[in-house]
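The values are calculated or read from the model by the stated rules, or taken from the named source; none is laboratory data. All values reported here derive from a predicted model rather than from experimental measurement. Here the Cβ positions follow ideal geometry from the backbone for every residue, glycine too, while neighbour counts run over all protein chains shown. Accessible surface areas use protein heavy atoms only, side chains included; no ligands, DNA or RNA. Shrake-Rupley method; radii C 1.70, N 1.55, O 1.52, S 1.80 Å.
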Amino acid sequence: MAFDPQAIRAEFPILDRQVNGKPLVYLDSAASAQKPRAVIQAISHAMEHSYANVHRGLHTLANETTEAYEGARNKVAAFIGAEPSEIVFTKGGTEAINLVAAGLGARLQTGDEIVLTQMEHHANIVPWHFLRERLGVVLKFVPVTDDGQLDLEAYQRLLGPKTRVVALSHMSNVLGTINPVTDMTRMAHEAGALVLLDGCQAIVHKPVDVKAIDADFYVFSGHKLYGPTGIGILYGKAEQLAGLPPYQGGGEMIGTVTEDAISYADPPHRFEAGTPPILEAIGLGAAIDWMSGLDREAIAEHEHRLYARVRDRLAGANWLKVLGEAPGKAAILSFTVEGAHAHDVAQILDRYGVAVRAGTHCAEPLMRRFGVTSSARASFALYNTEDEADAFVDALTRTQAFFA
Ligand code: PMP
């Protein structure tokens, strides 16, 4: 399969926009990706032709919508090598992690240990802090090396008889580092701990086979994967989901309800209380269909080429500090510009039509690790081009001159 970024771009209507009189250069896909027409059309088609609430419907539209919703679950399952019954729809990656943390919390005790890493997004820190506050579990953090990798020797030392859970990102949203999650999962299992992987970034940039990795839980969001907002995925091994208590109560997640007793539905429905994100699931299914028709290796190579081009052109820029450049990292460039606040850098880049993110990227421990309070972040996606990489470098060079 050939990969042609220009043909891909043509499928994203928003990329034709002008911003501040300049062509939009969208380098904020790690925060949220733009949507191809296939996704936009799948959602509007459902609303225009085949929409009702799902499950237990006895009319045609309810049945069609249920089929589309459950069909999306099948697509997600096939995409990551899981069974449909192991896929729970949530409202996002954040909710998926909260669901697991709350559920596992029911069987943790004071002094139990949870191993996280210094490069986690707050979504994979705060839910575990809740357990620290409520139960007195101990949080331990795997340190990050200067080049942005996890210190695996330190990780091995942190694992012990009290470790109950290891929760870590498959790929850092700040550094682009791709962590050796298969090995790290094996090490955690050898210590008797369960493993949750935050795949919000990794799923976008590499094929994921949850059975090969062998993690107990794998989590991601739809909106970074070219799908809509409001939909996330929790994959859990069948036996792990079976052992988790429900997260929220309401319709559709019960077996029976009487005035003095309740029983619960089996997973995944046990975890999908109330009307689920139907249109969002259908949109995510369309995004996965669309992704599945692309050569993902060629996309990764394309993104790496853009990153390398930017780095080459900025090689002599002594005013630029790049956070962590681990071998094999994905195409995310987090940086600071000497003498300029990251927010100002982002605002000036916007005048040139270049969209980057600035701040802590919901990763304050990592910012502290690198001795900065914030950074700017340019993240490359399959629809970015070499011209855009050049436009970014030119705009950044002018931005720096503004502060020099
Ligand atoms: N983890 C990582 C690594 C992320 O990049 C993000 C999104 N920035 C999240 C978790 C949270 O995802 P969401 O905001 O879609 O729930």
*Residues being under 30 Å from HIS129 (Cβ atoms), open to solvent by 20 Å² or more (accessible area, probe 1.4 Å) and either in the same structural domain as GLY148 (by TED's automatic domain parsing) or within 22 Å of the chain's Cα centre (by Cα) (or both) - total across region 323-355*: 1
*Mind listing just one residue for me: the one in region 306-321 that is buried (at least 17 other Cβ atoms within 10 Å of the Cβ) and touching a Phe, Trp or Tyr at 6+ places or on another chain (Cβ under 7 Å) and, of those, farthest from GLU388 (Cα to Cα)?*
LEU320
*Only one of GLU303, GLU280 that is open to solvent by less than 20 Å² (accessible area, probe 1.4 Å) and part of a helix (DSSP H, G or I)*: GLU303
*asked:* Within region 62-69, does at least one residue satisfy the condition of being over 26 Å from the mean Cα position of the chain (by Cα), in the same structural domain as LEU241 (by TED's automatic domain parsing) and closer than 22 Å to ALA242 by Cα?
replied: no
*Conditions: (1) closer than 15 Å to ALA281 by Cβ; (2) of a type in the set (Lys, Arg); (3) open to solvent by 10 Å² or more (accessible area, probe 1.4 Å). ARG37 meets all but one. Number of the miss?*
(1)
*Do any residues in region 205-228 that are farther than 12 Å from GLY93 by Cα have Cβ atoms under 6 Å from those of residues that are open to solvent by 10 Å² or more (accessible area, probe 1.4 Å) and within 12 Å of the ligand (Cβ to nearest atom), where the two are at least six apart or on different chains, and which pairs are they?*
PRO228/GLU280
*Name every residue in region 207-229 that is away from the ligand (no atom under 14 Å from the Cβ) and either charged (D, E, K, R) or in the same structural domain as PRO13 (by TED's automatic domain parsing) (or both), in order of residue number.*
ASP209, LYS211, ASP214, ASP216
*Could you please let me know if GLU70 is away from the ligand (no atom under 16 Å from the Cβ), among the charged types (D, E, K, R) and open to solvent by 50 Å² or more (accessible area, probe 1.4 Å)?*
no
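Let's see how each residue does on (1) out of contact with any Gly (no Cβ under 7 Å at 6 or more places or on another chain); (2) assigned to a loop (DSSP other than H, G, I, E, B); (3) under 30 Å from ILE254 (Cβ atoms):
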{"site": "ILE8", "(1), (2), (3)": "yes, no, no"}
{"site": "GLU11", "(1), (2), (3)": "yes, yes, no"}
{"site": "ILE14", "(1), (2), (3)": "yes, no, no"}
{"site": "GLN34", "(1), (2), (3)": "yes, yes, no"}
{"site": "ILE40", "(1), (2), (3)": "yes, no, no"}
{"site": "HIS45", "(1), (2), (3)": "yes, no, no"}
{"site": "HIS55", "(1), (2), (3)": "yes, yes, yes"}
{"site": "LEU58", "(1), (2), (3)": "yes, yes, yes"}
*For residues in region 351-391 being in a helix (DSSP H, G or I) and under 24 Å from HIS121 (Cβ atoms), which is nearest to the ligand (Cβ to nearest atom)?*
LEU366
*Kindly indicate whether GLY57 is at pLDDT below 95 and surrounded by fewer than 21 Cβ atoms within 10 Å (Cβ to Cβ).*
yes
*Residues satisfying the stated conditions in region 361-385, i.e. in contact with a strand residue (DSSP E or B) (Cβ under 8 Å, 6 or more places away or on another chain) and under 21 Å from TYR26 (Cβ atoms)*: HIS361, SER374, SER375, ALA376, ARG377, ALA378, SER379, PHE380, ALA381, TYR383, ASN384
*Please state which one of ALA340, ALA287, ALA330 is in contact (Cβ under 8 Å) with a residue 24 or more places away in the chain, in a loop (DSSP other than H, G, I, E, B), under 19 Å from ALA381 (Cα atoms) and not acidic (Asp, Glu).*
ALA330
*In region 117-169, how many are under 23 Å from LEU333 (Cβ atoms), among the hydrophobic types (A, V, I, L, M, F, W, C) and either open to solvent by 60 Å² or more (accessible area, probe 1.4 Å) or part of a helix (DSSP H, G or I) (or both)?*
1
*Answer from ALA42, ALA31, ALA46 - the residue that is among the aliphatic types (A, V, I, L, M), in contact with a Lys or Arg (Cβ under 9 Å, 6 or more places away or on another chain), modelled with pLDDT of 95 or more and open to solvent by less than 40 Å² (accessible area, probe 1.4 Å)*: ALA31
